[in-house]
Amino acid sequence: MKKWIFLVCQISIVVAYGQNTPCPCCGENYRQFDFWVGDWETTANGQLAGTNHIIILQDSCLIQENWKSTQGNYTGTSYNFYDPQDNQWHQTWVDNQGQSLRLSGNLEEGKMILKSGAMKNQNGETVHHKITWTPDADGTVRQLWESKKEGSESWQVLFDGIYKKKK
């Protein structure tokens, strides 16, 4: 009988704790990237480049991106989250070609700017990546993905796309 009373008490504590716990990821910093959430059509150079389905998961602690290109069957997924330990946003991208990209950074003057550390490109060269997401007043979002070789001062544009919400 003592075991049952103990078990009931433990369950009651867990249930009560779960009901009284505030949303751990609902603070202002966690919501900085919400402008990117939605179902999007993305154009580059005036042509449809793909679609992106971006959702909030894990009780508002994670933003998941699901990209599908119009070119072939290229797809990719990213996980984006704010980490209060280092006060930065982090993105981990993985595609169906076996490529990955890890970025971190912050919201700066209304733009989300995430950068990679040094990494090797397909040619074995050391490069750095930078992706900037800029929300515009018309509801679109511009994504500018740039890369530069180690030691270079100039960034090369890899992708410049406009996200427009699907109707």
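Each reported figure results from applying straightforward, stated rules to the coordinates on display, with no laboratory input. If you're wondering where the values come from, they're calculated on a predicted model, not measured in any experiment. Heads up, the Cβs are rebuilt from the backbone with ideal geometry, glycines too, and the neighbour counts pull from every protein chain shown.
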Counting pairs of alpha carbon atoms under 8 Å apart in space and at least six apart in sequence, what relative contact order in percent does the chain give? 15
Within the chain, which is the longest segment that contains none of the GluC sites (Glu not before Pro) sitting in a DSSP loop with at most 16 other Cβ atoms within 10 Å? 1-108
To make sure I understand, if each residue's beta carbon is the centre and we count other beta carbons within 10 Å, what order do Cys23, Cys61 fall in, fewest to most? Cys23, Cys61
Ranked by Cβ crowding within 10 angstrom, fewest neighbours first, how are Met119, Met112 ordered? Met119, Met112
Top of Ser154, Ser60, Ser69 by mean-square fluctuation, Gaussian network on the chain, Cα under 10 Å: Ser154
By how many degrees, 0 to 90 and rounded to 10, does the Cα axis of helix 2-20 deviate from the longest principal axis of the chain? 40
So how do Thr42, Thr132 line up by other beta-carbon neighbours within 10 Å, fewest first? Thr132, Thr42
Relative contact order, percent, of region 18-86 when contacts are C-alpha pairs under 8 Å separated by at least 6 residues? 24
Mean residue ellipticity (222 nm) of the chain, computed from DSSP H runs ≥ 4 via -39,500 (n - 2.57), nearest 500: -4000 deg cm²/dmol
Would you mind checking the pairs Lys120/Lys167; Lys130/Lys164; Lys68/Lys115 and listing those with alpha carbons more than 29 angstrom apart? Lys120/Lys167
Rank Ala44, Ala137, Ala118 by mean-square fluctuation in a GNM of the chain with C-alpha springs under 10 angstrom and give only the top-ranked residue. Ala137
Straight-line reach check, Lys149, cutoff 18 Å on alpha carbons, 8 or more apart in-chain or any other chain, hits among aspartates and glutamates -> Glu125
Give me the orientation-averaged projected area of the Cα convex hull of the chain, in nm², one decimal. 14.5
